[in-house]
Amino acid sequence: MYKRVILKVSGEFLAGTQGYGIDPEQALTLARSIVAALEGTPVELAIVIGGGNLWRGARNGSGMDAATADYIGMLGTVMNAMALQDAMEQAGRPTRVMTAIQMAQVAEPYIRRRAMRHLEKGRVVIFGGGNGAPFFTTDTTATLRALEIGAEVVLMAKNRVDGVYNSDPRKNPDATRYDQLTHLQVVEQRLEVMDATAITLCMDRGLDIVVFDIFEEGNLRRLFHGERVGTLISSR
């Protein structure tokens with residue numbers, strides 16, 4: 001059983017059927033599934049959430065200064081973090097939002113030791129604001145935070161995709177799913193697991209990654225109990 005994990009979730013998971021924005025009911029559904037998976041386990045959970053349901057620098061910021069577009073995206077992740085925090089607490093789990101961009105009225109600043117203390121007290125910590133710098137994705141943020149707080153694994157949550165395939169299974173019915181890969185195989189085969197910076201950090205530090213379908217009932221709880229779900233990416 002894992003003790004401390006980072007769960008990376010997409011901002012799109014909060015969008016609901018409209019495909020954009022924040023749907024409170026969708027946020028509550030996601031929060032309830034996470035809280036139920038944690039029930040009765042000693043797992044300490046931190047979450048990194050994206051902002052693609054609100055803003056994507058490359059798409060929305062066409063013609064805009066790239067750094068400015070990325071900073072707007074970081075603010076979007078804070079909005080998502082606050083929405084998920086509210087949903088998590090409605091579901092009965094104490095939660096803290098910590099941001100790399102200081103905004104003291106709505107969230108705590110990210111301080112490594114404080115984050116670890118929250119986890120030790122059983123609170124779920126949601127990291128917003130990326131890593132505070134432009135030109136880095138939330139995949140990289142998830143990897144950095146995992147290494148900083150001593151997490152054992154990064155759980156890459158996907159929507160109706162149950163692991164890593166050699167091609168897009170939604171377009172190619174003959175796509176092959178991998179049960180296990182090494183970081184080097186992911187790099188060499190250019191598999192779209194996470195961005196190059198993030199996967200290189202994981203490879204250098206021997207940090208495990210699991211790619212799985214978060215909406216398959218029971219998957220997250222099984223992972224928290226150390227069962228094999230989805231695709232494991234490791235240095236072994």
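What residue, among those in the range 222-236 that are of a type outside the set (A, V, I, L, M) and in contact with a Ser or Thr (Cβ under 8 Å, 6 or more places away or on another chain), is nearest to Asp139 (Cα to Cα)?
Per the stated criteria, the residue is Ser234.
Is it the case that the range 76-91 has a residue that's surrounded by 14 or more Cβ atoms within 10 Å (Cβ to Cβ), within 25 Å of Gly16 (Cβ to Cβ), touching a helix residue (DSSP H, G or I) at 6+ places or on another chain (Cβ under 9 Å) and among the charged types (D, E, K, R)?
There is at least one residue in the range 76-91 that is surrounded by 14 or more Cβ atoms within 10 Å (Cβ to Cβ), within 25 Å of Gly16 (Cβ to Cβ), touching a helix residue (DSSP H, G or I) at 6+ places or on another chain (Cβ under 9 Å) and among the charged types (D, E, K, R).
Can you tell me which of Arg113, Arg93 is at pLDDT 95 or above, more than 25 Å from Ala198 (Cβ to Cβ) and either assigned to a loop (DSSP other than H, G, I, E, B) or basic (Lys, Arg) (or both)?
Step by step, each of Arg113, Arg93 is checked, and only Arg93 is at pLDDT 95 or above, more than 25 Å from Ala198 (Cβ to Cβ) and either assigned to a loop (DSSP other than H, G, I, E, B) or basic (Lys, Arg) (or both).
Restricting the first residue to the range 152-165 and requiring it to be free of Cβ contacts under 8 Å to residues at least 40 places away in the same chain, which pairs with a second residue that is in a strand (DSSP E or B) meet a Cβ separation below 6 Å and a spacing of at least six or different chains?
Once the first residue is free of Cβ contacts under 8 Å to residues at least 40 places away in the same chain and sits in the range 152-165, its partners that are in a strand (DSSP E or B) give Tyr165/Arg177.
Name the helices (runs of 4 or more DSSP H) wholly within the range 159-236 that hold at least 3 residues that are of a type outside the set (D, E, K, R) and surrounded by fewer than 21 Cβ atoms within 10 Å (Cβ to Cβ)?
Hits in the range 159-236: 183-188, 196-205.
Within the range 116-124, identify whether any single residue is among the charged types (D, E, K, R), crowded, with 21+ Cβ neighbours inside 10 Å and at pLDDT 95 or above, and answer yes or no.
no
Give the residues of the range 2-25 that are of a type outside the set (A, V, I, L, M, F, W, C), part of a helix (DSSP H, G or I) and surrounded by 20 or more Cβ atoms within 10 Å (Cβ to Cβ), sorted by residue number.
Residue satisfying the conditions is Gly11 alone.
Conditions tested, residue by residue: (1) in contact (Cβ under 8 Å) with a residue 60 or more places away in the chain; (2) of a type outside the set (S, T, N, Q); (3) in contact with a Ser or Thr (Cβ under 8 Å, 6 or more places away or on another chain).
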| position | (1), (2), (3) |
| --- | --- |
| Lys8 | yes, yes, yes |
| Glu12 | yes, yes, no |
| Ala27 | yes, yes, no |
| Thr41 | yes, no, no |
| Gly50 | yes, yes, yes |
| Gly63 | no, yes, no |
| Ala83 | yes, yes, no |
| Pro94 | no, yes, no |
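Filter the range 57-71 down to residues that are of a type in the set (S, T, N, Q) and modelled with pLDDT under 80 and give me whichever is nearest to Thr137 (Cα to Cα).
Asn60
The values are calculated or read from the model by the stated rules, or taken from the named source; none is laboratory data. Please read these numbers as outputs of a predicted model, since none were measured by experiment. Using ideal geometry, Cβ is built from the backbone for each residue, glycine included, and neighbour counts are taken over all protein chains shown.
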